[in-house]
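A quick write-up on the structure given underneath.
The values are calculated or read from the model by the stated rules, or taken from the named source; none is laboratory data. On a predicted model such as this, the values are computed, not experimentally measured, just so you know. In this analysis, Cβ positions are derived from the backbone assuming ideal geometry, glycine residues included, and neighbour counts consider all displayed protein chains.
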Amino acid sequence: MRHVWQAREQLSCYFAKCAAVIAAVFLALSFCYAQAPASPTPNDPLSQELNKYPGLLPELGRLTEKLQHSVQFPPARTESRLLPLLPDSTVVYAAFPNYGEVAHQALNIFRQELQESPVLRDWWQHGALARSGPKVEDFLEKFYQISQYLGDEIVVSGGTNGRNPSALVVAEIRKPGLKKQLEQTLVELGGKSNPTVRVLDPQELTPEVGRPAYEPVVLVRPDFVVAGLGSDSLRIFSARLDHGSRDFVSTPFGQRAIQAYQGGATLLGAVDLHQILSQVPSGNKDDQITLQRTGFADMKYLVWEHKRVNGQSVSQAELSFTGPRHGVASWLATSSPLGSLDFASPAAMIVTSMVLTNPAQIFDEVKQLAGISNPGAFAALAQFEQAWKLSLKQDVLSYLGGELTFELDAIAPSKPVWKAILGVNDPKRLQQTLNTVLATMHLPVEQSDDNGVTYYSVGIPSSPTSFDLGYTFVDGYLIVGSSHETVAEAVRLHRSGESLAKSKKFRAALPPGYPPGASLLLYQDPFAMAALNAQRIAPGVAGYISQLTGKNSPAVFCVYGEETAVREASTNIAFDAGGILIMAAIAIPNLLRSRSAANEASAVGSIRTVNTAQTTYAVTYPLRGFAPDLATLGPDAQRPTIPSADHAGMMEASLAGASCTAGAWCTKSGFRFSATGVCRQHVCKEYVVVATPVATNTGGRSFCSTSDGVIRFKMDALLTSPISVAECRAWQPLQ
């Protein structure tokens, strides 16, 4: 199995390079900045570069503007000729346009800027990228050359065949000669080492003895190029192509992927979460109950797409469920107007706003979920409520409406500027609760009135200096801020109509085609954040970035709750759920393996527990030696609190029940366990404990241990009967 995953990772890295090459120029331009330490000094690489090339930052700004306005991206696609060709076992689907021409345009613009800008040229040739810069250009050229052989779309398919994930990358071939070009490129990129990817034609795609079953292979046919793990998988897929199989389009997931193309899509990704969850081992009963109560056991599809809506570029995602949302999945309320944004400032750096269904009900569900695995999780809260003579649910959460907005205006070591706006159902009773809490804590409170609004300032003792928090109630909202002035400014913005919610820049950044309200909204002024970071690094940089602030739109990310789905939309591709989907596409092929790894870790821990219990038993009952089986180490079913030599009560019944006798198996977390003592005349001088997976998808290794305490393992060994001490000690020790 280790070789399988290493081969898969090699193939993933190879195609990740092909996809990432499009952005190589942009990443190269920021490479030197990534080297700056967390606490910059005048001698850090970034400061040195900016001091050495004082006109560099404006030149990079102009280059960025040219790339944004001059590079022509591929048009949207309303259908896919590749999607129907995929196998019906596909659970992960991604489609990308051929970005070769885009990379070529970007490279030409960059080279033109190098000719026209002495500062940029000097930095590129002698600065931090002097060595890697030419390699980036060469890589982009090779990428462009290969792209000329490919069709307009590249599709990635991921599936689960048993315990082994599968992956295919498919593209149409535009002209002959790709095989020779790929082989030449791989040799040039590999340098002195041999290429890690083999390139074959259909005649070379024959069964091979002695080669790794899951090595990266590229098949170049006259009509398609296909990349995958191992020649066997490509041979099967090639046969499907020859027979014209179209099984994927007949599946519900295939139909959902086809639907995503409607209206035109440039980038597209989809994951069949329902199918994946059905193949994940269920685990123990508590895990099953927890997953069901969260509501995420009912997830169906995750679909992300980038397209144009009303002439504007929009990224949008959908997480659908098999039925109405419930549990944790339903905590995010359906979309509604976010009135709390009417107190937020248009000059804010970051604003987060959300609407929850019912805070008091959510609190009850949190307690229930926590109690499944830890019945005493909220014991400390009960003591706190008793001491303070109030109820968090009844005296606080029941008075809140579920809407919450947090705003960050400035980050300063001495005093950050922030405010929080909470929707309130009963301001008077919540004020009574606050009075009780503040009085109990002996915190001084000052009260003042201004234009019919009562403001409260609370002194907070702190080191080295104390500070004040301000709060007030206005129009059904509790506004809390870092100072009285911050709270008063929020009220002024609300009454004057100059708030973030009313600003043209904010409204223009909202996704088109969606209702004005939302369930969750994230707002960020990226240039304000960049200026803040630049201020710490180099003088003058923050001022230049501030000049660009008015020329760029903020990043806005919106989530909309529906009965059976949660949708996301953003007009800023760098600030949406696309990154989440990409991470999911990377993580999901490892989902089954991660569960298997968790089961293996649990099995190792259980064997350690058995070793400890055996040592304790031998000391406690020296006339018996080691316990002959797991049942002897467990509790007596009739008298569980009274230990004896027959039922020592040193282990829980889940692993050492009455039925866990010598030669029998007990199951826990995807593994079967057995312990057998080596005994003479009722005295056991040795023992062996073994753990083996219940099935191939619950673990890849069996484990064992003896009285020496060393845990050993054997790969791909599903045992049907316990093993001997000698057999165990012949296995490989676990490092």
With the condition kept exactly as written, say whether any residue in the stretch 225-236 is at pLDDT 90 or above and under 30 Å from A555 (Cβ atoms). no
When residues of the stretch 659-689 are limited to those that are at pLDDT 85 or above and aliphatic (A, V, I, L, M), the one farthest from A597 (Cα to Cα): V683
Of the residues T698, T692, only one is more than 15 Å from A726 (Cα to Cα) and assigned to a strand (DSSP E or B); which? T692
Exactly one condition in (1) in a strand (DSSP E or B); (2) modelled with pLDDT under 90; (3) surrounded by fewer than 19 Cβ atoms within 10 Å (Cβ to Cβ) is not met by Q386; state its number. (1)
For the stretch 226-246, give me each residue that is more than 31 Å from the chain's Cα centre (by Cα), among the aliphatic types (A, V, I, L, M) and under 16 Å from R81 (Cα atoms). L241
From the set of residues in the stretch 253-293 that are hydroxyl-bearing (S, T, Y) and buried (at least 18 other Cβ atoms within 10 Å of the Cβ), which is farthest from R325 (Cα to Cα)? T266
Which numbered condition T616 misses (of (1) crowded, with 22+ Cβ neighbours inside 10 Å; (2) among the hydroxyl-bearing types (S, T, Y); (3) farther than 25 Å from A597 by Cα): (1)
Which of the residues that make up the stretch 90-123 are of a type in the set (A, V, I, L, M, F, W, C) and more than 13 Å from S70 (Cα to Cα)? V91, V92, A94, A95, F96, L114, V119, L120, W123
Which pairs have Cβ atoms under 9 Å, sit 6 or more apart or on different chains, and link a residue in the stretch 698-727 that is loosely packed, with under 14 Cβ neighbours inside 10 Å to one that is of a type outside the set (A, V, I, L, M, F, W, C) and assigned to a loop (DSSP other than H, G, I, E, B)? M715/G700; D716/T696; D716/G700; S721/G663
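Residues are listed down the side, and each one gets a yes or a no for (1) assigned by TED's automatic domain parsing to the domain that holds T612; (2) in contact with a Cys (Cβ under 8 Å, 6 or more places away or on another chain); (3) within 30 Å of P165 (Cβ to Cβ):
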position: R639; (1), (2), (3): yes, no, no
position: L655; (1), (2), (3): yes, yes, no
position: A658; (1), (2), (3): yes, no, no
position: A662; (1), (2), (3): yes, no, no
position: G677; (1), (2), (3): yes, yes, no
position: V683; (1), (2), (3): yes, no, no
position: E686; (1), (2), (3): yes, no, no
position: P693; (1), (2), (3): yes, no, yes
Within the stretch 291-323, can you find the residues that are of a type in the set (V, I, T) and in contact with a strand residue (DSSP E or B) (Cβ under 7 Å, 6 or more places away or on another chain)? V303, V314, T322
Kindly indicate which of V355, V366, V328, V314 is at pLDDT 95 or above, outside any loop (DSSP other than H, G, I, E, B) and aliphatic (A, V, I, L, M). V355
In the stretch 324-356, anything more than 16 Å from R567 (Cβ to Cβ), of a type in the set (V, I, T) and crowded, with 22+ Cβ neighbours inside 10 Å is listed as V351
Which pairs do you get when a residue that is at positive phi and at pLDDT 85 or above, found in the stretch 639-652, comes within reach of a residue that is surrounded by fewer than 18 Cβ atoms within 10 Å (Cβ to Cβ) and in a loop (DSSP other than H, G, I, E, B), reach meaning Cβ atoms under 6 angstrom, with the pair 6+ apart or on two chains? G649/P643
Looking for something modelled with pLDDT of 80 or more, hydrophobic (A, V, I, L, M, F, W, C), in contact with a Pro (Cβ under 7 Å, 6 or more places away or on another chain) and over 18 Å from Y149 (Cα atoms) - is there at least one such residue anywhere in the stretch 204-217? no
